[in-house]
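Worksheet: one structure, shown below.
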Amino acid sequence: MFTGKAPGNFSLVVRGEELPPDDSEELYIWGRDRESLHEAIRAQSSELHRCYEAWLLAEPALAGKLTVAFSVGRAQEGDTVDSVVAIDVADSDLDHALFEGCVLGALGELLFEGGEETIKVRLPVVFRQEGD
């Protein structure tokens, strides 16, 4: 376990938009349209920031682009909400499996309104320190 303050400021960029941490603790069931998916990612920004900040303590030079591929669908017959039923790293120049696993875990917690079909999402995320 690492303790202390991560070096410098850092940012999280999704689809060209810098996302500040969102410390809301509310459980939310998101819609399945493009804007709702974007809002769901924005809502997980605090978890993504926590992953990055924690790993910066161990790897101060950690920065790069991570593309996550996930599917949203019904986990079990009879479920009334959909969840992330499959998630994986589609592409990464970070070469850091533990950090990538933290990001996958954060995004894998999202819940969505039930739908008829599974939807597939590819999400590029840039992790960088301020000034990079």
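Key figures for this structure:
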read-out	value
Extension reserve of the ILE29-THR80 stretch, reckoned as 0.36 nm per residue once the Cα distance is removed	17.3 nm
Estimated dipole of the range 28-129 in Debye, rounded to 20 [Cβ of Lys and Arg +1, of Asp and Glu -1, Cα centre]	280
Stretchable slack from GLU18 to ARG122, in nm (0.36 nm times residue separation minus alpha-carbon distance)	35.7 nm
Difference of contour (0.36 nm per residue) and Cα-Cα distance, LEU57 to GLU109	16.3 nm
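Values in this text are rule-based calculations from the coordinates and carry no lab data. Fair warning: this is a prediction, and the values are worked out from it, not measured in the lab. Here Cβ is always computed from backbone atoms with ideal geometry, including for glycine, and neighbour counts include all displayed protein chains.
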